[in-house]
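**Q** Here you go, one structure.
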Amino acid sequence: MTRSPDNYLSLQVAALAGGVGGAKLARGLDRVLPPGNLTLIVNTGDDFEHFGLRVSPDLDSVCYALAGLADPVRGWGRADETWNCFSGLGELGAPTWFQLGDKDLALHLERTRLLQEGLSLSEVTRHFCERWGVRSRVLPMCDGQFRTQVRITDGSLLDFQEYFVRERCEPVISGFVFSRAEDIAPAPGVLSALEEADLVVLCPSNPWVSIDPILQLPGILEVLRKKTVIAVSPIIQGKSVKGPAAKMFAEMGIPPTSLSVLAHYSAFLEGFVYDLLDRDLFQNYEGERIIIRGLNTLMQNDEDKTRLAIEMLRFGQDLIARKAP
Ligand code: FO1
């Protein structure tokens, strides 16, 4: 379909997201696009069971962000949270390496109850989003039990939250294991949202543990190869904006730069956004297939998120217009 380059608000957009950076751009896109034009497809490889409860950190970070409930400093969990249950757990000598706020706990309790009643994770997520008045569609990447594990250099495996929170990302990694990835279907609506999208956005999430799990699911890469896909780097000047992405690149033997992020996605990418602070890195960039654009990608407040979202959509619209007959 041919569209006017000014008409970015009419784009159907699917965005792949996970973690705090993903939730930030998700909020920007949600604030800009009309209801019904945005589907967020969210990593669930970080999900785990804690105190018998199902915790879905990335899904919750995205939903809280879209609902306007997210804690602006931590980026995960809820704003104005209280910690009564968590401090009670501490008094009892219970494990406290993973912080659970009171209202956040309510979400995990209710999600676990609904899952036990037989609802799928997609259905539970839709229900929560309706309760919160979220305008865009939020889909977990799958309803099955997909788990991301991190292999550390002594050969042992850590579940993602054990690595990320309990071990503070300190162990040196040698790889990732995505359990049963090839057997787990994407959640209902995921493939069709990608098929129907004019533009697919990869949020500035960790490529290894937030975006790759989604790419592992059957059918996803095949669709992406047919679409206009743009990505924004979560690495600026060799450092992650937040989290261990740069450390992971270095430990995998790859320079921790935004150029490496571009290379990571190069099999299906059409456009790549790097931060203007990295402009020197891209000065001599000679890739012909992937179009690059330098932008201010740091998102410190809602205005930044909205501005970056608009610029990403304009970039996508430009790429679509280039292909129009
Ligand atoms: N991240 C931390 O660094 N420490 C925590 O104690 C922690 C608790 C937590 C509770 C609920 C939730 O939804 C997220 C939480 N996170 C915490 C963030 C989470 O581990 C990461 O954002 C993602 O898994 C990384 O993608």
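The values are calculated or read from the model by the stated rules, or taken from the named source; none is laboratory data. Just so it is clear, the structure is predicted and the values come from calculations on it, not from any experiment. In this analysis, Cβ positions are derived from the backbone assuming ideal geometry, glycine residues included, and neighbour counts consider all displayed protein chains. All accessible areas refer to the heavy atoms of the entire protein, side chains included, with ligands and DNA or RNA removed. Shrake-Rupley method; radii C 1.70, N 1.55, O 1.52, S 1.80 Å.
**Q** Which number in (1) within 15 Å of the ligand (Cβ to nearest atom); (2) over 21 Å from the mean Cα position of the chain (by Cα) marks the one condition that Thr153 misses?
**A** Against the list (1) within 15 Å of the ligand (Cβ to nearest atom); (2) over 21 Å from the mean Cα position of the chain (by Cα), Thr153 comes up short only on (1).
**Q** Considering only strands (runs of 3 or more DSSP E) fully contained in the stretch 32-135, which possess at least 2 residues that are within 21 Å of Ser205 (Cα to Cα) and open to solvent by less than 10 Å² (accessible area, probe 1.4 Å)?
**A** Values: elements: 38-42, 48-50, 53-55.
So the answer is 38-42.
**Q** So for the stretch 249-264 (the condition being open to solvent by less than 10 Å² (accessible area, probe 1.4 Å), within 26 Å of Ala70 (Cβ to Cβ) and modelled with pLDDT of 95 or more), does at least one residue qualify?
**A** Yes, because at least one residue in the stretch 249-264 is open to solvent by less than 10 Å² (accessible area, probe 1.4 Å), within 26 Å of Ala70 (Cβ to Cβ) and modelled with pLDDT of 95 or more.
**Q** For the stretch 20-38, enumerate the residues that are near the ligand (Cβ under 9 Å from one of its atoms), aliphatic (A, V, I, L, M) and closer than 24 Å to Ala185 by Cα.
**A** Ala23
**Q** Of all residues in the stretch 6-19, which are surrounded by 24 or more Cβ atoms within 10 Å (Cβ to Cβ) and farther than 24 Å from Pro188 by Cα?
**A** Tyr8
**Q** Ala245: under 14 Å from the mean Cα position of the chain (by Cα), within 30 Å of Ala185 (Cβ to Cβ), open to solvent by less than 20 Å² (accessible area, probe 1.4 Å) and away from the ligand (no atom under 16 Å from the Cβ), yes or no?
**A** Judged against the criteria, Ala245 is not a match.
**Q** Ok, one more. List every residue pair whose Cβ atoms sit under 8 Å apart, with the two residues 6 or more apart in sequence or on different chains, where the first one lies in the stretch 52-80 and is within 10 Å of the ligand (Cβ to nearest atom) and the second, anywhere, is polar (S, T, N, Q) and open to solvent by 20 Å² or more (accessible area, probe 1.4 Å).
**A** Short answer, once both residue conditions are applied: Gly77/Gln99.
**Q** Step by step: first the residues of the stretch 39-51, then only those that are under 9 Å from the mean Cα position of the chain (by Cα) and away from the ligand (no atom under 11 Å from the Cβ), then the one that is farthest from Gly144 (Cα to Cα). Which residue is that?
**A** Residues of the stretch 39-51 that are under 9 Å from the mean Cα position of the chain (by Cα), as a first pass: 40-43.
Filter once more, so that each one left must be away from the ligand (no atom under 11 Å from the Cβ): 40-41.
Values: Leu40: 18, Ile41: 14 Å.
Among those that are under 9 Å from the mean Cα position of the chain (by Cα) and away from the ligand (no atom under 11 Å from the Cβ), it is Leu40.
**Q** Regarding the stretch 174-185, can at least one residue be identified that is within 30 Å of Pro34 (Cβ to Cβ) and either of a type outside the set (D, E, K, R) or surrounded by fewer than 14 Cβ atoms within 10 Å (Cβ to Cβ) (or both)? Steps first, answer last, please.
**A** So the first thing to find is which residues in the stretch 174-185 are within 30 Å of Pro34 (Cβ to Cβ), and the list is 185.
Checking the rest, the ones that are also either of a type outside the set (D, E, K, R) or surrounded by fewer than 14 Cβ atoms within 10 Å (Cβ to Cβ) (or both) come to 185.
Yes: the stretch 174-185 contains one or more residues that are within 30 Å of Pro34 (Cβ to Cβ) and either of a type outside the set (D, E, K, R) or surrounded by fewer than 14 Cβ atoms within 10 Å (Cβ to Cβ) (or both).
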